[in-house]
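Inspection log for the structure reproduced underneath, given as structure tokens.
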Amino acid sequence: MQRTYKAVEVSTPGVLRVVERPISEPGPGQVRIRVEACGICHTDAATINGAYPGLTLPRVPGHEVVGRIEALGSGVSRWKIGQRVGVGLIAGEDGACEPCRRGDTVNCQNPVVSGVTVDGGYAEVMIAESRGIASIPDELNSAEAAPLLCAGITTYNALRNAGLRGGDLVAVQGIGGLGHLGIQFARRMGFHTVAIGRGREKEKLAKDLGAHVYIDTAVDDAAAALQRMGGARAILATAPSGDGMGPLVSALAVRGKLIVVGVPSDPIQLSAFPLVFGGRSVYGSLTGTAIEQEDTLAFSVLENIRPMIETAPLEQAADAYARMMQGKARFRVVLVTNDGIAQSKTRP
Ligand SMILES: NC(=O)c1ccc[n+]([C@@H]2O[C@H](COP(=O)([O-])OP(=O)(O)OC[C@H]3O[C@@H](n4cnc5c(N)ncnc54)[C@H](OP(=O)(O)O)[C@@H]3O)[C@@H](O)[C@H]2O)c1
Ligand SMILES: [Zn+2]
Ligand SMILES: [Zn+2]
């Protein structure tokens with residue numbers, strides 16, 4: 001029996017290093033997962049640069065995790081050894097705070113946060129709370145399922161909970177890990193889908209993903225272009241740029257919604273006029289729960305939605321992370337472990 005596992009941890013802000021750690025047993029209500037794949041989300045930057053509130057180092061980042069259960073803690077009856085499961089960012093609620101008591105568990109005030117309060121998936125092994133894991137359908141391989149557990153659920157939930165109707169004009173701003181899935185979801189949900197990027201380079205990709213229209217903010221004013229189309233009922237803002245988000249309120253139709261899912265470090269400047277005159281709104285949306293991950297995976301299978309991914313071996317996490325931060329990933333880098341590679345050879 002192997003006694004240690006490889007992990008990529010942050011012990012000094014900005015530095016990812018490969019370490020060997022002892023394997024521990026899952027506690028009550030927990031499972032131990034043999035990780036096969038883990039996506040690199042832009043939110044991982046908040047762990048790697050040490051900025052996530054409440055973070056203590058060393059910490060293993062990673063919250064788009066897929067693997068197989070290899071050990072069950074006491075009291076776990078819902079899950080079986082060998083079952084393929086996924087773990088996202090909010091991976092366990094306390095069940096006791098006010099939002100939890102009202103059933104709003106994604107907004108738990110004391111959540112288990114993968115890669116922040118507990119070690120995440122840049123590793124061969126991860127311990128997870130059994131109440132916070134999702135079942136992975138057989139139709140998806142582990143590397144392509146992984147990004148659906150954060151980038152996917154975040155955009156899927158934000159769009160399906162926005163009170164939109166088929167045919168509505170919906171824009172997705174920022175064409176990266178989240179945005180490229182947001183475009184696919186918006187199109188498959190039946191919206192008139194607009195992608196907002198900067199530069200011509202992503203136009204073809206955005207249209208291939210399902211966008212009816214591409215707006216290049218390097219040459220076009222997104223607000224004017226969307227107003228010419230009648231104004232957007234909703235804009236899903238994924239780019240980590242407050243400067244890029246604020247002006248989009250003027251691109252909304254009357255009662256339109258700017259849904260903030262990107263988390264820029266700069267402030268979002270807003271003009272009150274389009275908010276007041278026309279009842280437009282701006283609000284945030286945070287990822288989702290384990291059962292909503294299963295919804296995201298099921299819809300992706302149903303509508304043949306897949307993330308566009310590049311894979312990299314776990315040991316190359318630092319280079320892969322740099323690629324994402326430089327905006328070079330098309331569109332998600334997914335770390336794969338040796339177990340992930342071995343498993344993918346035995347699965348269709
Ligand atoms: N709400 C949630 O629950 C949740 C969940 C996951 C992630 N997030 C947050 O969502 C954001 C995006 O994450 P991600 O993983 O998708 O990141 P990503 O893969 O790095 O993609 C970000 C994209 O934004 C584009 N961009 C940056 N500034 C832009 C601007 N001014 N105008 C248009 N596009 C711009 C970049 O394109 P270029 O090629 O032009 O640079 C890049 O493709 C991050 O802030 C992350 O923390 C939130
Ligand atoms: Zn994420
Ligand atoms: Zn709670």
Could you tell me whether segment 314-330 includes any residue that is over 22 Å from residue 229 (Cα atoms), free of Cβ contacts under 8 Å to residues at least 60 places away in the same chain and not in a helix (DSSP H, G or I)? yes
Among the residues of segment 287-296, are any closer than 13 Å to residue 245 by Cβ and either in a loop (DSSP other than H, G, I, E, B) or modelled with pLDDT of 95 or more (or both)? no
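Yes or no, residue by residue, for (1) surrounded by fewer than 24 Cβ atoms within 10 Å (Cβ to Cβ); (2) at pLDDT below 95; (3) more than 16 Å from ligand 1 (Cβ to nearest atom); (4) assigned to a strand (DSSP E or B):
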residue: 126; (1), (2), (3), (4): no, no, yes, yes
residue: 131; (1), (2), (3), (4): yes, no, yes, no
residue: 138; (1), (2), (3), (4): yes, no, yes, no
residue: 147; (1), (2), (3), (4): no, no, no, no
residue: 153; (1), (2), (3), (4): no, no, no, no
residue: 163; (1), (2), (3), (4): yes, no, yes, no
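Do we have residue 257 as of a type in the set (D, E, K, R) and within 19 Å of residue 307 (Cα to Cα) here?
Details: of a type in the set (D, E, K, R): yes; within 19 Å of residue 307 (Cα to Cα): no.
So residue 257 fails the test.
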For segment 31-79, which residues satisfy the criterion of being in contact with a Phe, Trp or Tyr (Cβ under 7 Å, 6 or more places away or on another chain) and assigned to a strand (DSSP E or B)? 31, 38, 69, 72
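If you check residue 89 against the conditions, is it of a type in the set (A, V, I, L, M), over 18 Å from residue 26 (Cα atoms) and touching a helix residue (DSSP H, G or I) at 6+ places or on another chain (Cβ under 7 Å)? Quick ask: steps written out before the conclusion?
On the way: of a type in the set (A, V, I, L, M): yes; over 18 Å from residue 26 (Cα atoms): yes; touching a helix residue (DSSP H, G or I) at 6+ places or on another chain (Cβ under 7 Å): no.
Here the answer is no, as residue 89 does not meet what is asked.
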Of everything in segment 167-201, what is touching a Lys or Arg at 6+ places or on another chain (Cβ under 6 Å), part of a loop (DSSP other than H, G, I, E, B) and closer than 21 Å to residue 310 by Cβ? Give them in sequence order. 175
Tally of residues being within 15 Å of ligand 1 (Cβ to nearest atom) and of a type in the set (A, V, I, L, M, F, W, C) across segment 96-111: 2
Which condition breaks for residue 34 when tested against (1) on the phi < 0 side of the Ramachandran plot; (2) within 16 Å of ligand 1 (Cβ to nearest atom); (3) in contact with a strand residue (DSSP E or B) (Cβ under 8 Å, 6 or more places away or on another chain)? (2)
Residue hits (segment 95-124; within 12 Å of ligand 3 (Cβ to nearest atom), among the acidic types (Asp, Glu) and either in a loop (DSSP other than H, G, I, E, B) or under 30 Å from residue 311 (Cβ atoms) (or both)) are 104
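So, of the residues in segment 80-91 that are aliphatic (A, V, I, L, M) and in a loop (DSSP other than H, G, I, E, B), which turns out to be farthest from ligand 2 (Cβ to nearest atom)? Don't jump to the end; show me each part of the working.
Step one: of segment 80-91, the residues aliphatic (A, V, I, L, M) are 81, 85, 87, 89-91.
Filter once more, so that each one left must be in a loop (DSSP other than H, G, I, E, B): 81, 89, 91.
Values: 81: 28, 89: 5, 91: 12 Å.
The qualifying residue farthest from ligand 2 (Cβ to nearest atom) is 81.
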Those residues of segment 247-296 which are within 16 Å of ligand 3 (Cβ to nearest atom) and small (Gly, Ala, Ser), in sequence order: 288, 290
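Looking at segment 3-30, which of its residues are assigned to a strand (DSSP E or B), among the charged types (D, E, K, R) and loosely packed, with under 15 Cβ neighbours inside 10 Å? Walk me through it before giving the result.
Looking only at segment 3-30, we keep the residues that are assigned to a strand (DSSP E or B), and these are 4-10, 16-22, 30.
From what's left, among the charged types (D, E, K, R): 6, 9, 17, 20-21.
Matches in segment 3-30: 17, 20.
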Within segment 302-322, of all residues that are of a type outside the set (S, T, N, Q) and under 17 Å from the mean Cα position of the chain (by Cα), the one nearest to residue 242 (Cα to Cα) is 321
Filtering segment 229-259 down to residues that are surrounded by fewer than 20 Cβ atoms within 10 Å (Cβ to Cβ), more than 16 Å from residue 215 (Cα to Cα) and free of Cβ contacts under 8 Å to residues at least 60 places away in the same chain yields 242, 243, 246, 254, 255
All but one of (1) without any contact (Cβ under 8 Å) to a residue 40 or more places away in the chain; (2) on the phi < 0 side of the Ramachandran plot hold for residue 279; which doesn't? (2)
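Could you tell me whether any residue of segment 32-44 is small (Gly, Ala, Ser), modelled with pLDDT of 95 or more, within 16 Å of ligand 3 (Cβ to nearest atom) and touching a helix residue (DSSP H, G or I) at 6+ places or on another chain (Cβ under 8 Å)? Walk me through it before giving the result.
Our first condition is that a residue be small (Gly, Ala, Ser); within segment 32-44, this holds for 37, 39.
This time we only want the ones that are modelled with pLDDT of 95 or more, so: 37, 39.
Still in the list and also within 16 Å of ligand 3 (Cβ to nearest atom): none.
No, the conditions are met nowhere in segment 32-44.
Any residue in segment 289-298 that is closer than 17 Å to residue 239 by Cβ, touching a strand residue (DSSP E or B) at 6+ places or on another chain (Cβ under 6 Å) and surrounded by 13 or more Cβ atoms within 10 Å (Cβ to Cβ)?
Going through segment 289-298, the residues closer than 17 Å to residue 239 by Cβ turn out to be none.
Within segment 289-298 (the criterion being closer than 17 Å to residue 239 by Cβ, touching a strand residue (DSSP E or B) at 6+ places or on another chain (Cβ under 6 Å) and surrounded by 13 or more Cβ atoms within 10 Å (Cβ to Cβ)), the answer is no, since none of the residues qualifies.
The values are calculated or read from the model by the stated rules, or taken from the named source; none is laboratory data. What you see is a predicted model, and the numbers here were worked out from it, not measured in a lab. Reconstructed Cβ throughout: ideal geometry from the backbone, glycine too, with neighbour counts over all protein chains shown.
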